[in-house]
1. List the pairs whose first member sits in segment 470-494 and is farther than 19 Å from residue 452 by Cβ, whose second member is among the polar types (S, T, N, Q), and whose Cβ atoms are under 9 Å apart, counting only residues at least 6 apart or on separate chains?
2. Across segment 198-213, what is the number of residues that are surrounded by 20 or more Cβ atoms within 10 Å (Cβ to Cβ) and closer than 17 Å to residue 173 by Cβ?
3. Restricting to segment 463-483, what's the tally of residues that are open to solvent by less than 10 Å² (accessible area, probe 1.4 Å) and out of contact with any Pro (no Cβ under 9 Å at 6 or more places or on another chain)?
4. Under 9 Å by Cβ, and 6 or more places apart or on different chains, what pairs join a residue from segment 577-592 that is over 23 Å from residue 241 (Cβ atoms) and free of Cβ contacts under 8 Å to residues at least 40 places away in the same chain with one that is among the aliphatic types (A, V, I, L, M) and assigned to a helix (DSSP H, G or I)?
5. Can you tell me how many residues within segment 124-154 are free of Cβ contacts under 8 Å to residues at least 24 places away in the same chain, farther than 25 Å from residue 54 by Cα and not charged (D, E, K, R)?
6. Answer with yes or no whether residue 433 is outside any strand (DSSP E or B) and either on the phi > 0 side of the Ramachandran plot or touching a residue at least 60 places away in the same chain (Cβ under 8 Å) (or both).
7. Keeping to segment 530-567, report how many residues are charged (D, E, K, R), more than 23 Å from the chain's Cα centre (by Cα) and closer than 30 Å to residue 478 by Cα.
8. Do we find a residue being more than 30 Å from residue 547 (Cα to Cα), assigned to a loop (DSSP other than H, G, I, E, B) and either open to solvent by less than 70 Å² (accessible area, probe 1.4 Å) or touching a Pro at 6+ places or on another chain (Cβ under 9 Å) (or both) anywhere in segment 497-506?
Amino acid sequence: MTASRIHRLDERVANQIAAGEVVERPASIVKELIENSLDANASNILVQVEAGALRRIRVSDDGMGIEPDDMRLSVQRHATSKISSADDLIAVSTMGFRGEALASIAAVSKLEITSRTDGSDAAWSLRMDGGSEVAFEPAAGTRGTQVEVTDLFYNTPVRRKFLKRSRTEMNHVADCVRILAIAHPHCAFTLINDDRVVEKMEVEDSAFERISRVLGTAFADQCIEVDLRREDLHLRGWVGLPTFTRSSANRQYFFVNGRYVNDRLIAHGVKQGYRDVIFHGRHPVFVLNLSMSPRDVDVNVHPTKRDVRFRDARRVHDFLMSGLYHELSGVGTKNPAQIEIDPHQDQPANPFQLTVDSYVESPLPLGSPESLPHPNRSTSGSSFTSSDDRQSAIARQGEIPPMGYALAQLHGAYILAENSEGLVIVDMHAAHERVVYEKMKKARDARKLASQRLLVPVEISASESEAETARVAQDLLEDLGLKLDVSDSKTISVREVPAMLQSIDISQLVLDVLDELAEHGTTETIRDRENQLLASFACHDAIRFNRRLSIEEMNALLRDMEVTENAGQCNHGRPTYRVQSMKSLDSVFLRGR
């Protein structure tokens, strides 16, 4: 068999191949067309689809429009008004810039563009069929642009077979509209499917109003605002409380300079920000925008523009991780009665405003249940405090503290407390577990990381990339208590390990650390493994179910919670308390009606 000769592909075939990168499904078309509308300064965008966007897609806007002389050029590949030279790619600020969208869409569908600018006497219409021009003529139309796409993939039937059912494709279209609407509250969006309004969002005064509209009032009530700066990096947005989670990661929206992106480094940084406070198997909800110099992020990585590359990826990762972790560790409210018990709501609520500065170490051994004061320990099923006791405490304190004062113990598991707004219910084991855990971590950090020298070094046969990562990161790993030697034969000798981890699988620990370093440029594996052990110790040492506490012991735990980081969740992410306000109780018992 002779070798095939190299030849140039037919232009139509080449365009269809290139279109496959841009037009993955109907939602891809909606995304590209809306981004063009936004770049045209549209203030109102209407998306109309039929059969879940499988039969017809029409996107209309009131933007600047396309000059008649430019309409034919707009459907040519790599024709754009966004950039002029290669230097412009260094600092792209528009949503589109590659000049591929309309050409790609035209190559795999029947396309009609109708547009009118302020200076035109009439609108003009351009019709395309599979990339070939059918007609170009005057038409009726107001200022702005309307793009209609029909018979998608009619000339590439193999691609059409990969499309899902209309409902699935419609869900992707709706998600696309919502994502873009989140980032552009100044623009009104309407989505209609088969004459049914799916979404209608008016122009909003603030980003938070648009986010509340898209993600719902539940998120708006259980999120905190984030506004962090470090040098030229600025992270702003809203993150759900650690107790407001989802079973999947489909409510996570991250933007870089207003552009929605999917990035593993970003996802890992945000996930690490939630470490230690989120229930296993659950995913946080957030909307975040990272503003940075366009010169430090490359958006020209993939035709869909959802992948980006950072000039200093490690700096971005560490900024996200440390910033979010700090915000979430002190998250909460000074008025916990804002959180209501809803029997139909499976999301726990809001933790307290906590401060490390007011933390007081226990003089007793860490993790000891005896660190709670125990005069007059009760042996009855419940303990009660008198109104006089509470009033005298209030007189001394000047005000009721956020967690209030203990009233009783319920079934050996819960503390019932009263604050200025209502009833506080505390899971005593979960709450004490968090208190003990945070004390253990502070004690560990105070003495820094102790390392243990191994009598017999552990030998690990590594790949070339793993060995190189270990060589480059030797000083960093030694600071973490992990001392490695790397031979020319790619063998890694582990000579010292963190003392707390000497009994675990050392080879697996080292390989996990190297994998994380290679992928993210930093590692939290050692700290996470230590924290897992401390969490286990704290869980075993915390006060147990059915242990009867006196009022003094209960109040001591409540005061500890108020000065402990992450006191709203136990070490496993379970909520430690819930609150029901007097307003809610009055409603349940029909008072005032």
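The values are calculated or read from the model by the stated rules, or taken from the named source; none is laboratory data. Because the structure is predicted, anything quoted here is derived from the model rather than measured. Glycine gets a Cβ as well: all are built from the backbone with ideal geometry, and neighbour counts include every protein chain shown. Keep in mind that these areas ignore ligands, DNA and RNA; they rest on the heavy atoms of the full protein, side chains included. Shrake-Rupley method; radii C 1.70, N 1.55, O 1.52, S 1.80 Å.
1. From residues that are farther than 19 Å from residue 452 by Cβ, the pairs are 473/523; 486/474; 486/493; 487/493; 489/461; 490/461; 490/463; 491/461.
2. Residues in segment 198-213 being surrounded by 20 or more Cβ atoms within 10 Å (Cβ to Cβ) and closer than 17 Å to residue 173 by Cβ: 1 in total.
3. At the first step, the residues of segment 463-483 found to be open to solvent by less than 10 Å² (accessible area, probe 1.4 Å) are 467, 470, 477, 481-482.
Those left that are additionally out of contact with any Pro (no Cβ under 9 Å at 6 or more places or on another chain): 467, 470, 477.
Number of matching residues: 3.
4. 591/585
5. The number of residues fulfilling the criteria is 2.
6. Considered against the rule, which asks whether it is outside any strand (DSSP E or B) and either on the phi > 0 side of the Ramachandran plot or touching a residue at least 60 places away in the same chain (Cβ under 8 Å) (or both), residue 433 comes out as yes.
7. So the count comes out to 1.
8. Yes, there is a match, as at least one residue in segment 497-506 is more than 30 Å from residue 547 (Cα to Cα), assigned to a loop (DSSP other than H, G, I, E, B) and either open to solvent by less than 70 Å² (accessible area, probe 1.4 Å) or touching a Pro at 6+ places or on another chain (Cβ under 9 Å) (or both).
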